[in-house]
Structures are given as structure tokens and as C-alpha cells.
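Novice: Please see the structure below; I have some questions.
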Amino acid sequence: RASKYGDGKPALPVAKRFAELERSRSECSDSLDRCRRKRHEVLLLSSGGTANGEQTVVQSGALLPLDIDEVRPLLAAYADCVALCRAKKEDGLLVSALREMGTLQLRCGLLSKAAESWRFALDSTFGEFGVVGHWRE
């Protein structure tokens, strides 16, 4: 029997709903989750932590620049995720992937690539190409 902290076996309705949600997960969602796990590892290692979660002293609140060579495989994974989300017409996940990819590109010093990713995210949000160019209309 589960306690109020949810540490036991879930009730039947909860277990059924969880199974439905697991079945409905899309390839895009799985791809974005993999990118986020990789991003977490890269950011942890670049901030002085280790893969097993040990943390060293880090500047608090500062976004430290990232080495492009360390992030290149991660950016490629995000690009694959973006392509998959576009092909599957998963707009919400596409916007999230583009936004996160743009942030990584910015931290690597790739300003024009970051701006491009964010522009594509805005275009996908509003369903129209070139939203930034004619936002006042």
C-alpha cells in the first residue's frame, strides 16, 4: 500500500494513466530527452563537476563559456532532434529544441547560429516564416 509520499505501488487508475502516457511518448520527445541528458553531462563537466555528480567550486549565477569542441556532438544531437521534430510536425518540441540549441550556441560564441535558431523557434511558434523581420505588422 502506498503512503502519502507515493513510495508504494501506485493505485490502478494511476498505473493505467502512466502506462497510457508512456505509450504516447513520441520519438521527438525521446530525442529531446536524450539531448537534455547529454547537455546536463556536458554542462556539469564544463563547470568543474564530474560525471558521477561530484561538484567543485563554480562561479554562482555565471554562464561560463563552453568549448565548441566539447559541445559539437551535443549540437549535432540537437540538430538531429530538430530535423525529427520538423518531420513529425511536433511544433512544441521543435520550439524547445531550437531554444535550447540556441542557448548552447550562444555559450560557444556562435552568435549568428544562436540568433538563427531562436528566429526559427519564433517562426515555429507563430507558424509563419520571417516573423522577426515583420513583427510590427
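The values are calculated or read from the model by the stated rules, or taken from the named source; none is laboratory data. On a predicted model such as this, the values are computed, not experimentally measured, just so you know. Just so you know, the surface numbers come from the protein's heavy atoms only, side chains and all, with ligands and any DNA or RNA stripped out. Shrake-Rupley method; radii C 1.70, N 1.55, O 1.52, S 1.80 Å.
Novice: Just report the Cα centroid separation between the range 98-137 and the range 18-44, whole Å.
Specialist: If you average the Cα positions of each part, the centres end up 22 Å apart.
Novice: If you roll a 1.4 Å probe over the heavy atoms of the protein chains, what accessible area per residue do you get for the range 62-128, in Å²?
Specialist: Heavy-atom accessible area per residue stands at 55 Å².
Novice: Can you give me the % of accessible surface on the range 60-133 that is carbon or sulfur? Probe 1.4 Å, all protein chains present, nothing else counted.
Specialist: For the range 60-133, the apolar C and S fraction of the accessible surface comes to 60 percent.
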